[in-house]
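Below is one structure; the comments refer to it alone.
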Amino acid sequence: MLGILGGLGPAASCYLYQMLTEHTPAARDQDHLDIVISSRASTPDRTAFILGQSDEDPFAVMEQDGRSLVAYGATVLAIPCNTAHYFYDRLARALPVPVLNMPRLTVADAKAAGCTRLGILATDGTLAARTYQLACEEAGVGWAVPAAEDQRGVMSVIYDDIKQGRRADMQKFAAAVADLKAQGCDRAVLGCTELSLVKRDEHLDRFFIDSTEVLCRHALLACGITPVGFDGGTGGRP
């Protein structure tokens, strides 16, 4: 049984659940994966804590919900929030079941697809924690992040648009992408699960590697299901 430690934010958790359903080869209800979802939207903001803007540590809530998912029967956990992976090592040590590491899996898939320099589109918290930078360095993949002004645009897309239920300001998004391409990136990771919704709504091309799609594919594999509808192992859709 898959446990989803969600609510970080809620729309991203819903999208992962939808994606798991769509990419499961099933002819009937019973062919689908058993899934239990915790969507504690009241979990303190991860970026604010990482940047020292809040003293509310999200870890205690995440650990409690992780234990609840395990008690319900989850045998592997997925966290559809890249920024929350700042707490990954603590959480993995605290829980008795495997916890998938979305950033590391995403970088590994990018490398397998031939990426040599990965652009990182993520929250300020994820960048400050160096979550993707470290994963790239461990995998031997180059990386780049947007310039400060463009990173403010990325944060605006995440917090002012997607988290408020609006379509993304694609002018801001495109400016950050152009910056990454100018820095020599051959792919860019959508390293925030809110940005996965930009790919869905705006039909982004194969330059982008969607961390939510990567997590979906590996979650299905971890639960013994061979996913359908993905291309070449990068988590991207055909």
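Some notes on this structure:
- Taking the range 31-165 and dividing mean pair separation by its residue count, relative contact order in percent (alpha carbons under 8 Å, at least six apart): 21
- Choice from HIS85, HIS23, HIS203 with maximal GNM fluctuation in the chain (Cα, 10 Å cutoff): HIS203
- The chain - mean residue ellipticity at 222 nm from DSSP helices (-39,500 (n - 2.57) per run, n ≥ 4, rounded to 500): -13500 deg cm²/dmol
- Overall dimensions of the range 167-232 as given by Cα atoms, namely Rg and Dmax in Å: 13.5, 41
- Anisotropy class of the range 137-209 from Cα gyration tensor, a/c 1.5 cut: prolate
- The distance linking the range 1-80 with the range 160-238 is 18 Å (Cα centroid to Cα centroid, whole angstrom).
- Carbon and sulfur %, accessible surface of the chain computed with the full protein complex present, 1.4 Å: 50
- In the full protein context, the chain carries 42 Å² of accessible surface per residue, based on a 1.4 Å probe and ignoring ligands, DNA and RNA.
- Largest GNM mean-square fluctuation across ALA168, ALA27, ALA222, computed for the chain with C-alpha springs under 10 Å, falls on ALA27.
- Prolate/oblate/rounded label for the range 50-130 (Cα gyration tensor, a/c 1.5): oblate
- Within the full protein context, the accessible area of LYS199 is estimated at about 30 Å² for a probe radius of 1.4 Å.
The values are calculated or read from the model by the stated rules, or taken from the named source; none is laboratory data. The shown structure was predicted, so the numbers you read here are calculated from the model rather than taken from an experiment. Accessible surface is based on the protein model in full, side chains and every heavy atom, while ligands, DNA and RNA are left aside. Shrake-Rupley method; radii C 1.70, N 1.55, O 1.52, S 1.80 Å.
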